[in-house]
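For reference, the structure discussed in these notes is given below.
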Amino acid sequence: SSSSSSSSSLSSGLSSSSRSRSRSSSRDSQKRSKIKKRKKDKQHKKREKKEKKRKQKKKKTVCSGPVQISKFLKDRDKSDKYSMITGKKIKMKVKKTKDDKERDRNRAELLQFLNSAM
């Protein structure tokens, strides 16, 4: 009778361990499926953002249309220098602001003081 009770306890032990395995595997599969769904959602959102950016770029380029260079060349003087890359006029003199002028005055005073000290 002792052998029959031990075999029944073994079978019940096996069934409970297999149950816990099946539960854990079902939980794992649920977690995996949730993770996969999140990844798919993120990828989908990224694709949507990229498509929106592409559409906006296309709209900007479509609106600009062809450009006549001759119109821009007529207004230019021969003495003025223009950038080869952007086509904008190169400024040879930059206008100074009040802060720039004050900074120059302070620098000049400091130089004069240091020179007189030596």
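A few remarks follow.
- Filter pass, LYS57 being at pLDDT below 85 and over 32 Å from the mean Cα position of the chain (by Cα): no
- Matching residues, segment 81-105, being open to solvent by 100 Å² or more (accessible area, probe 1.4 Å) and in a loop (DSSP other than H, G, I, E, B): LYS81, MET84, ILE85, LYS88, LYS91, MET92, LYS93, VAL94, LYS95, LYS96
The values are calculated or read from the model by the stated rules, or taken from the named source; none is laboratory data. Model, not experiment: these values are computed from the prediction. These accessible areas exclude ligands, DNA and RNA; they are computed on the full protein's heavy atoms, side chains included. Shrake-Rupley method; radii C 1.70, N 1.55, O 1.52, S 1.80 Å.
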